[in-house]
Amino acid sequence: MKSQENLVQKSTPADTEKFGNTNVYNLDSKTILNKATGYIGSYDFTLNPYRGCQYGCSYCYAAAFSPNNQMRQDWGNWVIVKQNAIELIEKELKKWYKRYPNKPPTIYMSSVTDPYQPLESKTQLTRGLLSVMVQYQPILVIQTRSPIIVRDIDLLKQFKRLRVNMSIPTGSESVRKDFEPRSPSIQARLNAVGKLRHNIPDNQGHQIRFSVTITPLLPILPEDETQFICKLEVIDRVVIQAFHSPSQKSVLAATTRKEAVNLKDKYQWWYDNESEKYNHFLEKLKDLLSDVEVFEGKAGFGYD
């Protein structure tokens, strides 16, 4: 599977900066809107302001698309900043509308990074991209796990068609700490979704929607299930997806990393009956969230 990015593939970039413990590389990219393929192939483009991700979640498939094996092994400790992204987005959107003057492009931000990872608080690259995009009004879906997104409410509410997907794979904080220890707490993410929902209007002129993506579904302690699900009443969609098994075909396959697979031993009470646990949780979502649409997998990742 080919990478969607047009950056150096075979060597570690030079000119390293530091952001906390993260190695930061500033590079120009040849393009910022890349043709969407595979799982999100229904979109026109993917938009990744960064390459690499500070959250370094144990199960993240995006590590497979690192520039080289060393950086693949060091996933979570480096980020490439596409320093010319704002210049590129305007040029590429102008090109799109010249060809399709009455058809806004569909854009998924982001497919292999988090556009609101901690570094964004310094670079404000995602904010700069939103400032340009709001002038062109694409159909935009933002995928993140970061409360930093609330910083941009002033821009987000200006989009006519927008969906924000907040990734929350488990309702148990102890599980979150095992599988994604660098990520924000579950409550911080829920608070961010609530703040977005209550500060961004959804009306005829601005169709702005909110999802929680429980993808992949990680273990949830039985005592946390009901409370977690009830907190999702503020959104209009939940997307759920099972934990992927690792691929044996290629190190570049978009699949679950061994770091997450190894954690399965700690949670045998869940993974020994994973299908049963998944179906139980899915049915509980449907039962408790009567006014929220529940999708499984690919079907839930579109704007509509």
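The values are calculated or read from the model by the stated rules, or taken from the named source; none is laboratory data. Every value quoted in this text rests on a predicted model; they were computed, and no experiment measured them. Reconstructed Cβ throughout: ideal geometry from the backbone, glycine too, with neighbour counts over all protein chains shown. Just the protein is used for accessible areas: all its heavy atoms, side chains included, with ligands, DNA and RNA removed. Shrake-Rupley method; radii C 1.70, N 1.55, O 1.52, S 1.80 Å.
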Starting from the residue with the highest accessible area, list ASP44, ASP304, ASP202 in decreasing order, probe 1.4 Å. ASP304, ASP202, ASP44
List the lysines whose Cα lies under 18 Å from the Cα of LYS277, skipping any in the same chain that are fewer than 8 positions away. LYS264, LYS266, LYS286
One quarter of the C-alpha convex hull surface, i.e. the mean projected area of the range 107-214 in nm², amounts to 6.5
Which value in Å does the Kirkwood hydrodynamic radius of the chain take, with 1/r averaged over all unlike C-alpha pairs and then inverted? 19.9
For the chain, build the charge dipole from Cβ charges (+1 Lys, Arg; -1 Asp, Glu) around the Cα centre, then report which of VAL79, TYR55, GLY20 sits farthest towards its positive end. VAL79
Translational diffusion coefficient of the range 22-125 at 37 °C, 0.692 mPa s, Stokes-Einstein with Kirkwood Rh over Cα pairs, in µm²/s as a whole number. 226
Per residue, how many Å² of accessible area does the chain show with a 1.4 Å probe? 45
Be a star and scan the range 204-236 for residues whose amide nitrogen sits under 18 Å from the point 7 Å along the Cα-to-Cβ vector of SER42. 207-215, 236
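For the range 158-216, compute the orientation-averaged projected area of the C-alpha convex hull (one quarter of its surface), in nm².
Details: hull surface 17.3 nm².
Over all viewing directions, the range 158-216 projects a mean Cα-hull area of 4.3 nm².
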Can you send over the solvent-accessible area of ARG237, 1.4 Å probe, protein chains only, in Å² to the nearest 10? 0
Gain in length, CYS230 to ASN279, computed as 0.36 nm per residue apart minus the alpha-carbon separation, to one decimal in nm? 15.9 nm
Förster radius 45 Å - calculated FRET efficiency between LYS266 and LYS103 (Cβ-Cβ, nearest 0.05): 0.40
Could you check the spin-label model distance between LYS30 and PHE295? Points 7 Å from the Cα along Cα→Cβ, value in nm. 3.2
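Could you please state how large a percent of the accessible area of the chain is carbon and sulfur, counting protein chains only and using a 1.4 Å probe?
On the chain, the fraction of accessible area on carbon and sulfur atoms equals 49 percent.
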Suppose R0 equals 22 Å; then what is the FRET efficiency for LYS95 and LEU155 from their Cβ-Cβ distance, rounded to the nearest 0.05? 0.45
The chain - percent relative contact order, Cα under 8 Å, separation 6 or more: 17
For the chain, size of Cβ-based charge dipole, Lys and Arg +1, Asp and Glu -1, in debye: 1120
Nearest-0.05 FRET efficiency for ASN69 and ASP178 at R0 = 25 Å, using Cβ-Cβ distance, is 0.45
